[in-house]
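The values are calculated or read from the model by the stated rules, or taken from the named source; none is laboratory data. Quantities reported herein were computed from a predicted structural model and do not represent experimental measurements. Methodologically, a virtual Cβ is constructed for each residue, glycine included, from the backbone with ideal geometry; neighbour enumeration extends over all protein chains shown. What goes into the accessible areas is simple: the full protein's heavy atoms, side chains included, and nothing from ligands, DNA or RNA. Shrake-Rupley method; radii C 1.70, N 1.55, O 1.52, S 1.80 Å.
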Amino acid sequence: QVQLVESGGGLVQPGGSLRLSCAASGSLFSITSMGWYRQAPGKQRELVAAITRGGTINYADSVKGRFTISRDNAKKTVYLQMNSLKPEDTAVYYCNILGTPALLENWGQGTQVTVSS
């Protein structure tokens, strides 16, 4: 079973930046499409950025132009560079294989991102 460990979250002021990392185990990482998800208090978990095994990238409209997803297959790591952060970006951020959040299992512990002055 793939293990996922997210890191890099923290408290940042509006307009600031953070870089999240997700370290994955397993031999199939390089052929697995991955996504970054987030869950804010009282809200459902949502997909914010996706990167396919072929390198195709998509973003939720709410983060387009501010977030950048990337991957390093040699390190089995997915990154999420977050710029121009807003208070509404506050959430626990998770990575997982790409899919419908409600149907996915095997979530990591996530990393908390708090945007506040």
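Ordering of 84-94, 4-14 by packing is 84-94, 4-14, highest average first (other Cβ atoms within 10 Å, averaged per residue). Note that the range 1-116 presents 52 Å² accessible area per residue, ligands and nucleic acids not counted, probe 1.4 Å.
Carbon-plus-sulfur fraction of the accessible area of the range 1-98, 1.4 Å probe, in percent? Of all accessible area on the range 1-98, carbon and sulfur atoms account for 50 percent. For the range 86-100, the Karplus equation 6.51 cos²θ - 1.76 cosθ + 1.60, evaluated at θ = phi - 60°, returns couplings of 10, x, 6, 7, 4, 4, 8, 9, 10, 10, 6, 4, 6, x, 6 Hz by residue, with Gly and Pro reported as x. The charge dipole of the chain, taken about its Cα centre with unit charges on the Cβ of Lys, Arg, Asp and Glu (plus for the first two, minus for the last two), comes to roughly 180 debye.
Only beta bridges with both residues in the chain are counted; by DSSP, about 90 percent of them are antiparallel. In terms of Cα to Cα distance under 19 Å, which lysines are near enough to residue 43, apart from those fewer than 8 places away along the same chain? Residue 43 reaches 86. Would you mind checking the range 82-105 for residues with the amide N under 12 Å from a putative spin-label position 7 Å along Cα→C-beta of residue 53? Only 98 fall inside the zone, counting backbone N under 12 Å. Peptides 32-42, 54-64 ranked from most to least packed by the mean count of surrounding Cβ atoms within 10 Å: 32-42, 54-64. The Cβ shell under 15 Å around residue 45 holds other residues with a net charge of -2, Lys and Arg each +1, Asp and Glu each -1.
The charge dipole of the range 70-117, taken about its Cα centre with unit charges on the Cβ of Lys, Arg, Asp and Glu (plus for the first two, minus for the last two), comes to roughly 180 debye.
Electrostatic bookkeeping for residue 29 treats Lys and Arg as +1 and Asp and Glu as -1; over the other residues with beta carbon under 11 Å from its beta carbon, the sum is +3.
Each Lys or Arg adds one and each Asp or Glu takes one away; over the other residues whose Cβ falls under 14 Å from the Cβ of residue 10, this sums to -1.
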